[in-house]
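See below for the structure under consideration.
The values are calculated or read from the model by the stated rules, or taken from the named source; none is laboratory data. Only a predicted model underlies this, so the values are computations on that prediction, with no experimental measurement involved. Neighbour counts are summed over all protein chains in view; Cβ atoms, including those assigned to glycine, are modelled from backbone coordinates with ideal geometry.
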Amino acid sequence: MIVVTGSAGHLGEGLVRMLRQAGRPVRGVDRLASPFTDVVGDIADPALVERALDGASEIVHAATLHKPHVATHGTHDFIATNVTGTQNLLDEAVRARVRAFLFTSTTSTFGRALEPPAGAPAAWIDETVRPVAKNIYGVTKVAAEDLCELAHRERGLPCLILKTSRFFPETDDDPAAAAAYPDANLKANEFLYRRLDVEDCVGAHLCALEQAPRLGFGRYIITATTPFQRADVDELRTDAPAVIDRYVPGWREVYAHLGWRMAPSISRVYDNAVARAQLGWLPAHDFASVLVRARERGGDIRSDLARALGLKGYHAPL
């Protein structure tokens, strides 16, 4: 039995959908009732977690309070869900002797490491970069990652951490970014360096479930494959469109047809090479494929799964 926490959310629902379609036994857990949630309750409650994990062989822990919740939830709410909830699941996973535990983390944990000073090259972000969390969301996700590592090191739990980039379809929570570009335009730009389609996010988790017993422990950046190389970081900061011309010829025509604009500068690039190599993950959606879809669908860049999941928004304040 595969247990998926956060089953009313984008990734959780996507996982439950795909696992059901494959005929695999799956149990969804969430605070919110949904067609993909079998157990309704709070993972901060140890008794709920014990009941939810009864008979579990694999766990995907995708439930979380996200960055936009910083405006609506307090510090203790983040600690209860992101830290205490994770520890409850780890404790029960060890008792159940599951073959794999996946923790869905975030590239937001890198925090201030993503912000190079003026005049500096773009930051190249891979698994060697040290997180410098800048809010309670990042702090609690880093803490939960460390709890996962401790559970592997001291208790032998096969545990992989997937640090996902942006895959939510909602409008950007940064008002300045949301105002600067049409929504699909902004998201298409981000596929160059910090975005992920939920279909590929689900695929990465399914690959990680298979590889966790062999790998034991690891942290992996899960994002669309960038066309850029590390040697491009200086020019990306000063003239990003010129760099894109070299790797994705024809993008300007599509953007002109849709009335879109490209960002003049890119300040960071996420690198998924380790995840592809170690997890056997082959993401299907990148900037080039998004261009094709945008041209064919009049600017709609979503995959079929993303379209099926739709907009969910965020949980109401506790």
Legend entry - Residue list for segment 266-281, filter: surrounded by fewer than 18 Cβ atoms within 10 Å (Cβ to Cβ) and either on the phi > 0 side of the Ramachandran plot or touching a residue at least 60 places away in the same chain (Cβ under 8 Å) (or both): Ala273, Val274, Gln278, Gly280
Legend entry - Filtered residues of segment 211-224 (kept if surrounded by fewer than 21 Cβ atoms within 10 Å (Cβ to Cβ) and either touching a residue at least 40 places away in the same chain (Cβ under 8 Å) or touching a helix residue (DSSP H, G or I) at 6+ places or on another chain (Cβ under 6 Å) (or both)): Gln211, Pro213, Leu215, Gly216, Phe217, Gly218, Arg219
Legend entry - Selection count, segment 161-216, where residues are among the charged types (D, E, K, R), farther than 22 Å from Arg295 by Cα and assigned to a loop (DSSP other than H, G, I, E, B): 3
Legend entry - Residue check, Ala180 over 18 Å from Gly14 (Cβ atoms) and either among the hydroxyl-bearing types (Ser, Thr, Tyr) or surrounded by 23 or more Cβ atoms within 10 Å (Cβ to Cβ) (or both): no
Legend entry - Members of segment 21-37 found to be in contact with a strand residue (DSSP E or B) (Cβ under 6 Å, 6 or more places away or on another chain) and buried (at least 16 other Cβ atoms within 10 Å of the Cβ), listed by number: Val26, Arg27, Gly28, Val29, Phe36, Thr37
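A quick yes/no check of all residues on (1) in contact with a Ser or Thr (Cβ under 9 Å, 6 or more places away or on another chain); (2) not basic (Lys, Arg):
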| residue | (1), (2) |
| --- | --- |
| Gln87 | no, yes |
| Glu92 | no, yes |
| Thr106 | yes, yes |
| Arg130 | no, no |
| Ala143 | yes, yes |
| Glu154 | no, yes |
| Thr164 | yes, yes |
Inset, instruction - Residues being out of contact with any Pro (no Cβ under 8 Å at 6 or more places or on another chain) and either outside any helix (DSSP H, G or I) or closer than 18 Å to Arg293 by Cβ (or both): count how many of those fall in segment 232-251. - result: 3
Legend entry - So His73, is it modelled with pLDDT under 85 and either assigned to a loop (DSSP other than H, G, I, E, B) or closer than 30 Å to Gln211 by Cα (or both): yes
